Amino acid sequence: MPDTEHTRLSRRAWLAAASGTAASGIVMTRWDALKAEPPPVPPPQQVAPSASDPTRVPGRFVSELGTRAPDEQPRRLLRTVALSSSSRTPLQDLQGTITPSDLHFERHHAGVPDIAAEEHEVLVHGMVERPMVFRMADLRRYPQTSRICFIECSGNGGGAYNRSRMPTAISPQQLDGLLSTSEWTGVMLSTILREVGVRPGASWILAEGRDAAVMSRSVPLDKAMDDSMLAYGQNGEAIRPEQGYPVRLLLPGWEGNAQVKWLRRIEVSDRPTMTRDETSRYTDPLKDGTSRIFSFVMDAKSLITFPSYPYVLPERGWWEIEGLAWTGRGRITRVEVSTDGGRSWSDAVLQPPVLSKSTVRFRHLWNWNGRETVILSRATDETGYVQPTVQQLWDVRGEGTAYHHNHQRAWKVAADGAVTFGLGDLL
Amino acid sequence: MCRSTVGGLLVVCALAACAPEEPLPRAVAGGTPSPQAAVGGGTDWHVALPEHAPGRFGFGTAATEDRVALWDIDVKPDGEGLPPGSGSVAEGQAVYEAHCLQCHGPTGTEGPNDRLVSPGPWEQWPAGRTVGGYWPYATTLYDYTRKAMPQATPGTLSDDDVYAVVAYVLHLGGLVPADAVLDAASLAAVEMPYRDRFVPDDRTGGPEIR
């Protein structure tokens, strides 16, 4: 870690270390570790009274809208300020599995449209008995369902695939922040397709958005009939504009791009449309000169979020390694952690709930001996698929492929406690 | 599904994995007995429809043909959905210089946004994912340009202008001659060089890494 990083350590972390919470003999977590300062954040409008003893000063009044504590200000990380851009979820700052809605990652192809729900319509037509238009009030009247699942951009993690450009100073957010988990609420797409009556011979749908790119993707009818949802709720409230307000397509376990936001049209068809984002993009070139198309499913993956860059472990002893695991093929059944560069592996604890097509938090107690090492994790899903090494992906897909980079991630813990991305140390 | 304009391998994919044996499976056919029944062997979520749900709820309104036509502008790989009209390479150059050059460069190779034209030979696959060096269907270029371009004023080009600029970009990529005029029939007939390189997803889960 560069010296400049050492000098920019968070105030809270320093206070924690100085006040003795990092004493030996107890298990320490990421709050006990030091962390490089995140980008400066404007101070919140309301701050607590400056008194040092809250029991001696009356607190603040009730408020219509809550705010985060002044010292808890996680932020998305913007790639660029542009119409086609992305922002990433601060995975290393979160707990449990649910992503706060205002921290859900973004990927837009032509900006976030401003849409009023009361004038929004969803047209369903094509190979159906009854072409229909649904207003949001119509969609909300259908029987409702909720489901917790992850959405991940299939380009997530591509920053740690190129052998010659393997990063070291990269955080979970920077590397894999195009991943978020929410409780989604809406109407099953099968319910709507039942209403319009799918004609025999249909095999695909086209989902189209109401953004300035009119983003559209073809989806096999089997998926549409299985567990797809027209989602208008997210974590207990209306879906956020950045996530597709007032309604998006939800395809649990599939790549994020196909889960069209700001949904305005579904056309039932007997073939894919071959849109720009399912041909020239979101296809995966392979080493034999072919390119994989309609590679929807996100294979099993895991990532240690603590310790990770830019944390610094202030001392040896007991630390709890934690991270996230997920698979688009169902449930995560096992996560293993290695603290010796992959020579030996131990089963991590899967923290409930362990839900299908959702992120799962895993934990592993580790007694760090203070010597340099590399830690890594690997997930197994209910199909028996084990998260591959990067070498395995290179072998089968080539080093020039794109998308679906679900290989094992690693972190190097230096003797001074500094943590950096460590995959390069294993090659 | 068996259309020659759709890659042969994709036909296999659609028939094997996508064409439903029963047009209305599961909840649609009323096959799930109760809202408490788990789907897919899990218990994480439940289908929404109980057994006594009606065949149709009657919510929503019928879509007229005009209403459908207003939004049904997507173009299929066999050319279905292409509008009447036409445009020439020469006309397309004017459209390109007025609306596209700023982001894609004088010859489609300079950027700053996506490169449209490959700088080199086949060996550079996927060659920056340019139109001529990667895109499997020429119809996609019409579909995307009409919907999403120009980035600052999407949806403003006339159908003829879209034909023209598509012709020009295809010409820059060496795919149509300088005197080409494209319409629905001739655009759908443009054969993209790498169409057959696109193969269906063969990942299936299980122990094998693919």
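Residue by residue, here is whether (1) within 19 Å of A:Thr283 (Cβ to Cβ); (2) surrounded by fewer than 23 Cβ atoms within 10 Å (Cβ to Cβ) holds:
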| residue | (1), (2) |
| --- | --- |
| A:Val187 | no, no |
| A:Arg210 | no, yes |
| A:Val214 | no, no |
| A:Arg217 | yes, no |
| A:Asp222 | no, yes |
| A:Ser228 | no, no |
| A:Glu242 | no, yes |
| A:Leu250 | no, no |
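Only one of the numbered conditions (1) closer than 27 Å to A:Ala379 by Cα; (2) out of contact with any Gly (no Cβ under 6 Å at 6 or more places or on another chain); (3) in the same structural domain as A:Glu399 (by TED's automatic domain parsing) is violated by A:Leu313, and that is (2). The set of residues in the range A:200-210 being in a loop (DSSP other than H, G, I, E, B) and facing chain B (nearest Cβ under 9 Å) consists of A:Pro200, A:Gly201, A:Ala202, A:Ser203. Per the conditions (1) buried (at least 23 other Cβ atoms within 10 Å of the Cβ); (2) in a helix (DSSP H, G or I), the sole criterion not satisfied by A:Ser180 is (2).
Taken over the range A:116-156, residues that are over 15 Å from B:Thr61 (Cα atoms), more than 10 Å from every other protein chain (Cβ to nearest Cβ) and surrounded by 18 or more Cβ atoms within 10 Å (Cβ to Cβ) amount to 7. Residue check: is A:Gly236 away from chain B (no Cβ under 11 Å) and either touching a residue at least 40 places away in the same chain (Cβ under 8 Å) or out of contact with any Cys (no Cβ under 7 Å at 6 or more places or on another chain) (or both)? Answer is yes for this residue.
Condition check: in contact with a Phe, Trp or Tyr (Cβ under 6 Å, 6 or more places away or on another chain), over 30 Å from B:Asp72 (Cβ atoms) and more than 14 Å from every other protein chain (Cβ to nearest Cβ). Does A:Trp326 satisfy that? No; evaluated as a whole, the condition is false for this residue.
Being more than 19 Å from A:Ala402 (Cα to Cα) and assigned to a loop (DSSP other than H, G, I, E, B) holds for only one residue in A:Ala213, A:Ala231, and it is A:Ala213.
Could you tell me whether the range A:343-363 includes any residue that is surrounded by fewer than 19 Cβ atoms within 10 Å (Cβ to Cβ), basic (Lys, Arg) and over 19 Å from A:His407 (Cβ atoms)? Looking for residues that are surrounded by fewer than 19 Cβ atoms within 10 Å (Cβ to Cβ), basic (Lys, Arg) and over 19 Å from A:His407 (Cβ atoms), one finds at least one in the range A:343-363, hence yes. How many residues does the range A:329-370 hold that are under 17 Å from A:Leu179 (Cβ atoms) and among the aromatic types (Phe, Trp, Tyr)? Result for the range A:329-370: 1.
For every residue, the table says whether it meets (1) in contact with a Ser or Thr (Cβ under 9 Å, 6 or more places away or on another chain); (2) modelled with pLDDT under 95.
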position	(1), (2)
B:Ala90	no, no
B:Pro121	no, yes
B:Gln124	yes, yes
B:Ala127	yes, yes
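For the subset of the range A:99-115 comprising residues that are assigned to a loop (DSSP other than H, G, I, E, B) and away from chain B (no Cβ under 14 Å), which member is surrounded by the fewest Cβ atoms within 10 Å (Cβ to Cβ)? Filtering the range A:99-115 for residues that are assigned to a loop (DSSP other than H, G, I, E, B) and away from chain B (no Cβ under 14 Å), the one surrounded by the fewest Cβ atoms within 10 Å (Cβ to Cβ) comes out as A:Asp114.
Looking across the range A:76-94 at every residue that is more than 13 Å from the chain's Cα centre (by Cα) and in a loop (DSSP other than H, G, I, E, B), the one that is nearest to A:Leu175 (Cα to Cα) is identified as A:Arg79.
The strands (runs of 3 or more DSSP E) falling completely within the range A:320-427 that include 3 or more residues that are more than 22 Å from the chain's Cα centre (by Cα) map to A:360-368.
Here is the figure for the range A:360-417: residues that are within 14 Å of chain B (Cβ to nearest Cβ), β-branched (Val, Ile, Thr) and touching a helix residue (DSSP H, G or I) at 6+ places or on another chain (Cβ under 7 Å) total 1. Taken together, the residues in the range A:261-306 that are among the β-branched types (Val, Ile, Thr), within 7 Å of chain B (Cβ to nearest Cβ) and in a strand (DSSP E or B) amount to 2. Would a scan of the range B:160-173 turn up a residue that is within 14 Å of chain A (Cβ to nearest Cβ) and at pLDDT below 95? Yes, that holds for at least one residue. Going by the conditions given, is B:Tyr142 surrounded by 21 or more Cβ atoms within 10 Å (Cβ to Cβ) and within 14 Å of chain A (Cβ to nearest Cβ)? Here the answer is yes, as B:Tyr142 does meet what is asked. Remark: pairs (first residue in the range B:183-210, within 7 Å of chain A (Cβ to nearest Cβ); second residue surrounded by fewer than 16 Cβ atoms within 10 Å (Cβ to Cβ) and part of a loop (DSSP other than H, G, I, E, B); Cβ separation under 6 Å; 6+ apart in sequence or on different chains) = B:Gly206/A:Gly384; B:Pro207/A:Gly384; B:Arg210/B:Asp202. Quick one: in the range B:143-169, which of the residues that are free of Cβ contacts under 8 Å to residues at least 40 places away in the same chain and part of a helix (DSSP H, G or I) is nearest to A:Arg217 (Cα to Cα)? In this case the residue turns out to be B:Tyr144. Would a scan of the range A:59-75 turn up a residue that is in a loop (DSSP other than H, G, I, E, B) and within 14 Å of chain B (Cβ to nearest Cβ)? Checked against the condition, which is being in a loop (DSSP other than H, G, I, E, B) and within 14 Å of chain B (Cβ to nearest Cβ), the range A:59-75 yields no hits at all.
Filtering the range A:216-228 to residues that are within 19 Å of A:Phe134 (Cβ to Cβ), facing another protein chain (nearest Cβ under 9 Å) and assigned to a strand (DSSP E or B) leaves only A:Ser216.
The values are calculated or read from the model by the stated rules, or taken from the named source; none is laboratory data. This is a predicted model, so every value here is computed, not measured. Every residue, glycine among them, receives a Cβ derived from its backbone with ideal geometry; neighbour counts consider all protein chains shown.
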